[in-house]
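Student: Please read through the structure below; I'll follow up with questions.
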Amino acid sequence: MNTTSNCAKYHSKNIFVQIGLRRFFGNVVQALKGIQFNSVIDVGCGEGFVGSHLRKVYKNKFFLKGVDKNYEALQIADSVEVFDGLVQADIYQLPFKDVSFDLVVCTEVLEHLLNVESALQELKRISRKYCLLSVPAENYLRFCRILGLKNVACLGRHPEHLQSFSRSFFCSIVNRYFNIQSIRVSFPWIIILGSK
């Protein structure tokens, strides 16, 4: 089975990438500390890295559904065997009823979208209680890419990132759809837990 471009990041041998990912997962768990959930959907689950980490930390204490548009990523996620079901779907038209899941997780997805607000509206629709979101702080990443001599011709822009978020800009958009419960910065990610 081929791997996706996202797998390269999670399987990177670069010590700084691995430290960053460990800190990211630690901050995700800290953001969820103290809230109760029995059902979770990972929207944009990709190859299942976030879902796998949640399953490892919380064991089998919740129902976990995964959804992604990329069929190849879903095949990899299926082989991990942590999800209670996987669905191929578009974030703008999720095939679930209103208030279907206690917790909606959507990490490293919004920066790839043309219409972030439509996506947030759909995430709010299927959420019963909470939504956990993360995006990269793109300006910092651009600087790091340039220092690493990556994407220099386009001033460090990631070719797949259609949106650029700062902490204040991300908070202002999320606040239109959710009450922000916590904000965590885990360089280079901004992580927000919101409630309905």
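Please treat every number below as a calculation from the coordinates, not as lab data. For clarity, every value in this text was computed on a predicted model and none was experimentally measured. No Cβ is skipped: glycine too gets one built from the backbone with ideal geometry, and neighbour counts run over all protein chains shown.
Student: What residues have an amide H closer than 5 Å to that of Ser39, excluding those fewer than 5 places away on the same chain, when H is modeled at 1.01 Å from N in the peptide plane?
Tutor: Long-range HN contacts for Ser39: Phe63, Asp102, Leu103.
Student: Any idea how far apart Phe16 and Ala89 come out in nm if each label point goes 7 Å out from Cα toward Cβ?
Tutor: 3.9
Student: How do Leu21, Leu103 line up, fewest other C-beta atoms within 10 Å first? Mind dumping the intermediate values first?
Tutor: Working: Leu21 17, Leu103 23.
Going from least to most buried by this count: Leu21, Leu103.
Student: Within 10 Å, count the other beta carbons around each residue, average over each peptide in 64-70, 176-182, and list them highest first.
Tutor: Values: 64-70: 21.7, 176-182: 15.3.
Order by mean packing, descending: 64-70, 176-182.
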